[in-house]
Each structure stands twice: as structure tokens, then as C-alpha cells.
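Data block below; observations after.
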Amino acid sequence: MSTPQPDDLQAVARLGEAFNQITRQLERVIVGQRQVIEQILIAMFARGHCLLVGVPGLAKTLLIRSLADTLSLKFSRIQFTPDLMPSDITGTEVIQEDRSTGQRTFRFLPGPVFANIVLADEINRTPPKTQAALLEAMQEHQVTAGGQRHRLEEPFFVLATQNPIEQEGTYPLPEAQLDRFMFQIQVDYPTREEELEIVQRTTADVEEKLQPTLSAQEILELQHIVRRVPVSPHVAQMAVDLVRMSRPQEDQAPEFVRQYVSWGAGPRASQFLVLGGKARAVLHGRHYVSRQDVLAVAPPVLRHRIMPNFNAEAEGISSDDLVRRLMDQLPQVESEHDGELSEVLRPSDAG
């Protein structure tokens with residue numbers, strides 16, 4: 001395990017402060033949803049994409065647009081509709097004529113996917129062919145058109161929204177595309193006090209101005225810092241064991257998994273558990289990853305990767321229920337830190 005250098009320790013402190021600044025800025029326009037904001041930032045600094053699921057009117061779109069404003073990033077919104085074409089997302093080639101020579105050439109006009117933060121609004125309202133136009137961009141950070149590859153500007157982050165209650169005229173996302181999203185984030189109703197504050201804020205003639213906190217280059221540097229955070233072997237093993245327990249065909253799978261799960265999570269879930277744990281640790285100003293960091297990101301990582309079968313649906317058992325039961329199956333330890341601090345450089349040792 002590598003030991004963090006003094007420069008890394010300073011960067012960790014800077015990222016923790018940036019997290020607090022971004023959160024304070026967003027709270028000027030977003031009431032509540034603290035956990036949602038934290039999960040989005042965890043995914044962003046871990047270089048992941050997010051799918052936000054919630055009923056209309058919960059400020060999902062406003063949250064994403066406000067996040068782009070606080071990060072000084074190029075923002076693009078794509079409203080997914082049944083008649084949306086792949087070229088409406090990625091861009092298209094047009095014929096351009098040179099007036100002096102009369103020669104005609106193709107020129108690529110970039111689509112709205114060429115941005116730092118892309119909001120795919122109501123992504124399940126467009127056919128699979130158009131949904132698939134995002135796959136290459138999300139995985140490879142590039143777009144291929146006319147046999148040419150066009151790199152996307154970094155950082156690149158896709159935030160998609162989905163309405164869980166109005167399913168008429170929608171197209172469920174294929175499992176392959178769902179797996180590209182690091183997190184599926186549930187956006188719940190506000191509390192009574194929060195809803196009252198929402199009403200008071202949004203019915204007054206006041207417009208909040210958000211201040212940028214991080215540039216694109218600073219975000220890229222902090223993403224590299226997250227990757228360098230050390231992880232104890234037993235924490236990584238716990239993440240792998242949790243994922244393998246979700247697969248009915250594995251020997252270590254609990255009996256309820258064999259009874260209620262059709263398909264378990266793949267290896268990408270193990271990677272995202274560790275990366276999410278790293279980002280969460282750094283955002284909270286720590287230089288190590290604890291078991292609690294991994295468990296905190298387990299629900300958004302696993303809920304869209306564990307497929308309940310007919311038995312589970314008949315008994316009203318959701319993927320979130322299965323994830324909670326899997327987490328309860330993990331061996332308990334005496335301490336949350338469980339020895340991680342002995343393997344990394346403490347802040348007081350820096351320099």
C-alpha cells in the first residue's frame with residue numbers, strides 16, 4: 001500500500017473544503033437533499049455517472065444545473081423524447097463547400113453531449129437506439145461519427161433523471177446501460193419543514209446567485225487524488241465479498257439471494273464500491289477508506305445491479321431490501337476504522 005505524500009494530504013484537505021463550499025452554495029437554492037448532493041459529488045470525484053430516480057417536482061433538474069454553475073463547467077441539457085435521434089445527442093456531419101475551389105467536404109457539428117456536465121432528462125422516454133448513443137460517450141469519453149473519433153472534454157459527467165411512476169410510453173433502460181451508471185440515486189419527498197421552506201423560497205421574488213468554486217482543471221486534479229487514496233486489503237475484500245454474495249450461483253450466496261435474485265452484480269460493482277469509498281473518505285477529510293465508507297455507497301451502487309425475480313416481486317421485496325439484507329450478512333467488526341490508520345500516514349505526521 002502506497003503512503004500519501006504531503007502534497008496529497010494538502011489536496012485531500014482542499015477537496016474536503018471544496019465539498020463544504022459546494023454544499024453551502026447548493027443549499028442556497030436546494031432545500032434538503034443533503035444525501036443526494038453528497039452522492040452526486042462522490043460519483044463526480046470518482047469519475048462516475050449518476051441516474052437520479054424520483055417523482056416530478058423534486059428539483060432534480062435544478063440541482064444538476066446548480067451543480068454545473070457552482071463548478072464553472074459547461075452544462076448541456078438533453079430532453080429525451082420518443083422522436084429523439086442519436087445524432088441529436090452526439091452531433092452530425094454536414095457538407096461544407098469551399099467557395100474558392102468548389103470542393104465539398106464533410107464537417108462534424110458537435111451535439112449537446114460535448115459538455116462537461118450532461119443532463120439526460122427523462123432518459124427512459126426515448127427508444128433504446130437513442131439511449132445507446134450515450135453508451136460510448138459514458139464509457140469511452142468519445143463519440144464516433146463518420147469513422148472519426150471525437151474526444152469529449154474532461155471532466156465528463158452524465159446525470160440522467162427518470163420518473164418511476166409514469167411508465168406509459170417509456171422504454172426501460174437496458175441492463176448494459178444501467179451498469180454504466182456508477183450510482184442510482186433515489187430522490188425522496190422532502191420533510192414537512194423542508195417543503196414549507198421550499199414554498200416560502202420559491203414564491204418570493206428572490207433569485208440566488210451561485211458562486212463558482214472549482215474549475216475543470218482543479219476537478220481533474222482532485223479526481224487523481226481520489227484514485228491515490230490507499231485501501232486496506234480487508235476493506236477491498238469486504239467490497240468483493242458483498243458483490244459476490246449477491247450472485248445466486250455463488251457458494252457464499254445467502255439462501256434469500258438464491259430465493260429472490262435473478263441476477264447479481266458484476267465486477268464493475270466491486271470497482272465502484274471501492275472508488276465510491278475512496279471519494280467519500282476524501283470528501284470527509286480522511287486519508288483512508290473504512291468499512292463504513294464502502295457500506296455508505298453500497299445502496300446506490302447495488303440497487304440497479306441486483307435484479308429481483310418473480311418471487312421477490314410477488315412478495316413486495318425490492319432491490320433496496322435485498323441490499324440491506326446483504327449488508328446485514330457481513331461480519332461485524334469491533335471498530336469502524338478496524339486498523340486502517342496504522343497503514344497510512346496520519347495528518348500530524350505530514351512533512
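Here is how the numbers come out for the structure above:
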{"quantity": "Within region 238-259, tally of residues that are in a helix (DSSP H, G or I), among the aliphatic types (A, V, I, L, M) and over 19 Å from Glu313 (Cβ atoms)", "calculated": "5"}
{"quantity": "Condition broken by Gly57, with the remaining ones in (1) modelled with pLDDT under 80; (2) under 23 Å from the mean Cα position of the chain (by Cα); (3) surrounded by 13 or more Cβ atoms within 10 Å (Cβ to Cβ) satisfied", "calculated": "(3)"}
{"quantity": "Enumerated strands (runs of 3 or more DSSP E) restricted to region 78-139, each holding at least 2 residues that are under 19 Å from Glu175 (Cα atoms)", "calculated": "117-121"}
{"quantity": "Test: residue in region 214-221 that is in contact with a helix residue (DSSP H, G or I) (Cβ under 7 Å, 6 or more places away or on another chain), more than 24 Å from Val301 (Cα to Cα) and assigned to a loop (DSSP other than H, G, I, E, B)", "calculated": "yes"}
{"quantity": "Residue within region 285-298 that is more than 29 Å from Arg24 (Cα to Cα) and not acidic (Asp, Glu) present", "calculated": "no"}
{"quantity": "Region 185-196 residues that are touching a residue at least 60 places away in the same chain (Cβ under 8 Å) and under 16 Å from Ile37 (Cβ atoms), paired with ones that are of a type in the set (Val, Ile, Thr) and assigned to a strand (DSSP E or B) (beta carbon under 9 Å, 6 or more apart)", "calculated": "Ile185/Val53; Gln186/Val53; Val187/Val53; Val187/Thr161"}
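The values are calculated or read from the model by the stated rules, or taken from the named source; none is laboratory data. Nothing here was measured: the structure is a model prediction, and the numbers come from that model. Neighbour counts run over all protein chains shown; Cβ positions are idealised from the backbone, glycine included.
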